[in-house]
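Encoded as C-alpha cells, the structure appears first; notes follow it.
The values are calculated or read from the model by the stated rules, or taken from the named source; none is laboratory data. Note that the structure is predicted; figures quoted are calculated from it, not measured. Note that we place each Cβ from the backbone using ideal geometry, even for glycine, and neighbour counts take in every protein chain shown. For accessibility, only protein heavy atoms count, side chains too; no ligands or nucleic acids. Shrake-Rupley method; radii C 1.70, N 1.55, O 1.52, S 1.80 Å.
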Amino acid sequence: MWDAMLGAAENTGLALRVVNIPLEDRMVGTTLAARKAFAGTNPKELEGYCRAMTKGLVFTMTSRAAAIHLFWDEFPTTRPANLDDATALRNGAHIMDRFLEKALQDQPEGSRLGEFIRTNWQNTHAAYVKLGTLKGSEAATDSYTEQFLPACNAFDRAAIVAQAKSMEQ
C-alpha cells in the first residue's frame, strides 16, 4: 500500500524500514471499475480506455524515463521546479519502480495484463465483508469480469516497446 508515497518519501532521503504486511500481498491492487449498466451499453469505450491504460503500462515498464518525460510534457506543472533534470527524473523513476513493483507482483513476464488473481479478489472481498464495508451475500466472482481483457491487450506490444525505447533520452 502507498507504494508511490513510499518512493516519494525515500526520495527526500528519509530512511524507512519497510514493514511487509502479508495480508496486503493477498489483496487486489489497481483496478478499473464501471457499473454493469455502463459496461453493457458502452463496451467499446471501456475496451478503448483499458487498452490505453495497458499500452501505457507496457510503455512505462519499458522506459520509465520516456514515460516521465511524456507526462511532464503533457502536465508541465508536475515537474519538480526545485530539482535539476537528472534528480527529478531519477526521483520520478524511483516512484514508478515502487508502483510497478506492486502493480506487477505475481504477473508473469510478457503475459496478458489485467488478469484477476482470483484468490486475491476473494481475500479482498472477504476482508471488506468482515469490516462491514460490503453488504449483501453475492460471491466475490460476481463483482468483476474478465470479458474486456482480450480487447485491453489487443495491440502490438512489440511496437509499444520499440516506441518507448526510441524515446529514451
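With all protein chains present and a 1.4 Å probe, how do Tyr128, Tyr144, Tyr49 order by accessible area, largest first?
Tyr49, Tyr128, Tyr144
Excluding the sites themselves, what is the longest stretch of the chain that contains no GluC sites (Glu not before Pro) in a DSSP loop with at most 16 other C-beta atoms within 10 Å? Please list the in-between numbers first.
On the way: sites that count: Glu109, Glu115, Glu138, Glu146, Glu168.
Longest stretch, sites excluded: 1-108.
Rounded to a whole number, what is D in µm²/s for region 39-123 from Stokes-Einstein with the Kirkwood radius over alpha-carbon pairs (37 °C, 0.692 mPa s)?
Approximately 218 µm²/s, per Stokes-Einstein.
Assuming R0 = 22 Å, what is the FRET efficiency of Thr119 and Arg35, from their Cβ-Cβ distance, to the nearest 0.05?
Working: r = 25 Å, r/R0 = 1.15.
Between Thr119 and Arg35 the formula returns 0.30.
Can you pull the accessible area of Ser137 for me, 1.4 Å probe, Å² to the nearest 10?
Only protein atoms counted, so the area is about 110 Å².
Contact order normalised by length for the chain, with contacts defined as Cα pairs under 8 Å and 6 or more residues apart; what percent is it? Each step should come with its number before you reach the end.
Values: 120 pairs, mean separation 71.1, N = 169.
With pairs under 8 Å counted, the relative contact order is 42 percent.
Relative to the first principal axis of the alpha-carbon coordinates of the chain, what is the inclination of helix 64-74, with its axis defined by its Cα atoms, in degrees from 0 to 90 and to the nearest 10?
Here the helix axis deviates by roughly 90 degrees.
From the Cα trace of the chain, what convex hull volume per residue do you get, rounded to a whole Å³?
Details: hull volume 25.4 nm³, N = 169.
That works out to 150 Å³ per residue.
Taking Cα atoms, how many degrees apart are the long axis of helix 157-166 and the longest axis of the chain, rounded to 10 and kept between 0 and 90?
It works out to around 20 degrees.
Check each of the trypsin sites (Lys or Arg not before Pro) in region 20-92 and keep only those in coil by DSSP with at most 12 other C-beta atoms within 10 angstrom; list them in order.
Values: sites: Arg26, Arg35, Lys36, Lys44, Arg51, Lys55, Arg64, Arg90; in loops: Arg26, Arg35.
Sites meeting the loop and neighbour criteria: Arg35.
Would you kindly compute the Cα radius of gyration of region 6-83 and its largest Cα-Cα separation (Dmax), both in Å?
When restricted to the Cα atoms of region 6-83, Rg and Dmax are 17.6, 49 Å.
Calculate how steeply helix 43-62 sits against the longest principal axis of the alpha-carbon atoms of the chain, using the helix alpha-carbon long axis, and give the answer as 0 to 90 degrees to the nearest 10.
40
By how many nm would the segment from Leu16 to Ala159 lengthen if fully extended, with 0.36 nm per residue of separation less the alpha-carbon distance?
Values: separation 143, 0.36 × 143 = 51.48 nm, distance 3.84 nm.
Full-extension gain reported as 47.6 nm.
So if I take the alpha carbon set of region 97-144, get Rg, then get Rh from the Kirkwood formula, what is the Rg over Rh ratio?
Working: Rg = 13.4 Å, Rh = 12.4 Å.
Computed over Cα atoms, the ratio is 1.07.
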